[in-house]
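The values are calculated or read from the model by the stated rules, or taken from the named source; none is laboratory data. From a predicted model like this one, the values you see are computed outputs, not experimental measurements. When we count neighbours, we look across all protein chains shown, and the Cβ atoms used for this are built from the backbone with ideal geometry, even at glycine. Surface areas here come from the heavy atoms of the whole protein model, side chains and all, with no ligands, DNA or RNA. Shrake-Rupley method; radii C 1.70, N 1.55, O 1.52, S 1.80 Å.
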Amino acid sequence: MQTEVVPYVAINLLATVRTLQKTLSQAAKQSLDRRFGALYDKVYRDDVLWQAWFQVRQNDGGPGVDGETLQYIEREIGVQRFLDELRDQLKAGSYRPQPVKRVWIEKPGNPKARRPLGIPVVRDRIIQTAVRLVIEPIFETNFLDCSYGFRPGRKPHDAISEIERSITFSGYREVVDADLKSYFDSIPQDTLMELVGRRISDRRVLGLIKAWLKCGVMEEGNVRRATTGTPQGGCISPLLSNVYLHAFDKMWQLWGVKGTKLVRFADDFVILCRHSSRKALRRVREFLERLGLTLNEEKTHVVHVRRGFDFLGMTFRYDRTSHRAKRLKYNCYRWPRRKAVASLKEKIRRKIGRRFSLSLQEIIREINPILRGWYNYFKVGHSQQHFQRLDRFVINRLRIFVKRKRSDPGRGIRNIADGLLDHLGLFRLARLRVSIS
């Protein structure tokens, strides 16, 4: 079967879904304590399911435990038929989630360390996204400004800029650099459901969320079910993690140490302090203990901003400005952290490898998206020198590739000049503008 043409119902679905979200958001803002009880029928609306499909399709992702891929659905089943089946299952109450497939991926900058990732089946990903589209506007009205992770209209650069401005202009000189221990595996499910239930009273929606938490994880053919945690990788997991840590944000807003600022991105956060940083760290432990969470003591510490700290892939350091004419004598500088640089180099090495059947131009086409994505994230800050060094690294790896392919060291080095690389379209990090703000 050929990939089908998207039907008329999908043409303006984004506008209709946004209208629904705007209506729910306005209703939630009128009363921050209101519990919403009629949401389930909105989850299986055609426009919501189609929008959920587009979002899941855009993110791509591998198959779950059933082996069914997005491409298989498009080619063999048909998207319209597939979504109709999901709608009918939801309406009839016959939908049941399947266990999440557990895979292990390398941590950036540390190939020997791995972290777990859960891959739900496509059907579960679609319905999770549909539920998120419906309930997210309700919870967004409660979330505080200190939270930046996985929220509409917010991105890591906002948190990075907030830290830079606070250190440079607001006198924060110490930082509680915190790290949660196995956060996604430690969330108490009963407490999480209680927090979700403070805004959602629709039993069928709550039943879906509870079923996803209880469906278990399949690894090496065995299904393991736990009373704590939410699988990292599920489409609704980032929202649920924000719902849970919103309680921490609220506690810090009400009872946190004065003269401090919380900046949180999902389960990563820092506490900026003008003073009393040790007291702030004790208060963090106290609040997390109430939530059933613990700090990773090996990675949690108090540091002065002059020594520098890492957050969201960046290294921050408060230091003297390099130009005497500047009005500010000191400034908060930021650049890619060492692990981020090491991770990029490892990706480039693996992508180039010893694939001598490919031409130099084909290799460049494959590494360009990696370099472009890296630039788009780290282009804000003081990264120019790092970009220059990385450009030299990439060029040297390409020269080594040509040398090995031709088995002629001298010829390989001479025939890969900068002009040739530019002609072949190599993406150069250092030749593009780096924005300070």
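Just a few scattered comments:
- Gaussian network model of the chain, Cα within-10 Å springs - most flexible of Gly149, Gly308, Gly419: Gly419
- The residues of the stretch 126-189 expose on average 32 square angstrom of accessible surface per residue, using a 1.4 Å probe on protein heavy atoms.
- For the stretch 242-263, backbone nitrogen atoms closer than 18 Å to the point 7 Å from Arg165 Cα along Cα-to-C-beta are found at 260-263.
- For the stretch 9-146, the convex hull spanned by the alpha carbon atoms encloses 156 Å³ per residue.
- Checking every one of the trypsin sites (Lys or Arg not before Pro) in the stretch 211-265 against DSSP loop status and a limit of 10 other Cβ atoms within 10 Å picks out Arg225, Lys258.
- Across Met314, Met193, the residue with the most accessible area heads the list, and the full order at a 1.4 Å probe is Met193, Met314.
- The mean sequence distance of close C-alpha pairs (under 8 Å, at least 6 residues apart), as a share of the length of the chain, puts its relative contact order at 16 percent.
- Against the criterion of solvent-accessible heavy-atom surface with a 1.4 angstrom probe, Thr23, Thr300 sort, most first, into Thr23, Thr300.
- Projected area, mean over directions - the chain, Cα convex hull, nm²: 25.7 nm²
- Over the chain: helical MRE at 222 nm, DSSP H runs n ≥ 4 each giving -39500 (n - 2.57), nearest 500: -15000 deg cm²/dmol
- Three-way shape call for the stretch 171-256 based on the alpha-carbon gyration tensor, with the a/c threshold at 1.5: oblate
- Percent of beta bridges antiparallel (DSSP, the chain, rounded to nearest 5): 90 percent
- Look at the Cα gyration tensor of the stretch 328-395: its axes a ≥ b ≥ c give a/c of at least 1.5 with a/b over b/c, and that counts as prolate.
- Rounded percent of accessible protein surface that carbon and sulfur make up, the chain, 1.4 Å probe: 47 percent
- Under the Debye formula (equal points on every Cα, no solvent term), log10 I(q)/I(0) of the stretch 292-350 at q = 0.12, 0.15, 0.27 Å⁻¹: -0.46, -0.65, -1.07
- Of the GluC sites (Glu not before Pro) in the stretch 248-297, those whose Cβ has at most 10 other Cβ within 10 Å and which sit in DSSP loop: Glu297
- Per residue solvent-accessible surface (Å²) - the stretch 290-344, probe of 1.4 Å: 63 Å²
- Taking amide H atoms as placed 1.01 Å from N in the peptide plane, the amide H of Arg173 lies under 5 Å from those of Cys273, Arg274, each 5 or more residues away in sequence or on another chain.
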